[in-house]
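Any read-out appearing in this document is the output of simple, stated calculations on the displayed coordinates, not a laboratory observation. Treat the numbers as computed from the prediction; the structure is a model and nothing was measured. Here the Cβ positions follow ideal geometry from the backbone for every residue, glycine too, while neighbour counts run over all protein chains shown.
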């Protein structure tokens, strides 16, 4: 039910098309579900699913991707090893796009305090500090009716979901998504400038 309700307006898809871009590009994807992969392919991306091994190595050749899309599961914060692997497989001017929840919405009330909702999006947080830019998408979980939304929330989130369901005036929940993005060459130039200045 949630898959059908999530981002019916396709704001995430449009952001990927703009920030990647993904059409006619070699796109490495980490953590996306079947529906997300299908939408990327429908947008014209040549998709390679990537599953980093236990040592954090990505099974791809150097300069093998134009764009990397990490959907929720990877880049839980920023780890230097992960950035190095991303830069290794990206071509010059390649784009790294990391999708996480942003918070400050109805959905975040169901999940409690997470680093996604505060630290990660701050200027001194791990993404901005490591050369990422941030775009916030104001998305929704949209259901067929208030009753359907209430049933889902109660079944999926227990009492917290039921409390939120009682407040619904329309069959949707606000859901803010953070798209962190950086260009490989721009990041490399910033690092070289820092070394020269140091």
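Brief remarks follow.
- Inter-label distance, residue 41 to residue 84: 3.4 nm, where each label sits 7 Å from its Cα along the C-beta direction.
- Relative to the longest principal axis of the Cα atoms of the chain, the long axis of helix 146-167 makes an angle of roughly 70 degrees.
- The candidate values were (1) 1, 7, 12, 16, 19, 17, 13, 9, 5, 2, 0, 0; (2) 1, 6, 12, 14, 13, 11, 9, 7, 6, 5, 5, 4, 3, 2, 1, 0, 0; (3) 1, 7, 15, 18, 18, 15, 12, 7, 4, 2, 1, 0, 0; the one computed from these coordinates for P(r) over Cα pairs in 5 Å bins from 0, in percent carries the label (3).
- Per-pair calculated FRET efficiency, R0 = 22 Å: residue 73 and residue 17 via Cβ, rounded to 0.05: 0.55
- Two-site label geometry, residue 63 and residue 3: point separation in nm, points 7 Å out along Cα→Cβ: 3.8
- Axis of helix 184-197 versus longest Cα principal axis of the chain: the two differ by about 60°, to the nearest ten degrees.
- 0 to 90° range, to nearest 10: angle between helix 80-89 axis and the chain longest Cα axis: 70
- Centre-to-centre separation between the Cα atoms of segment 55-74 and those of segment 30-46: 14 Å.
- With the convex hull drawn around the C-alpha atoms of segment 1-42, the volume per residue stands at 74 Å³.
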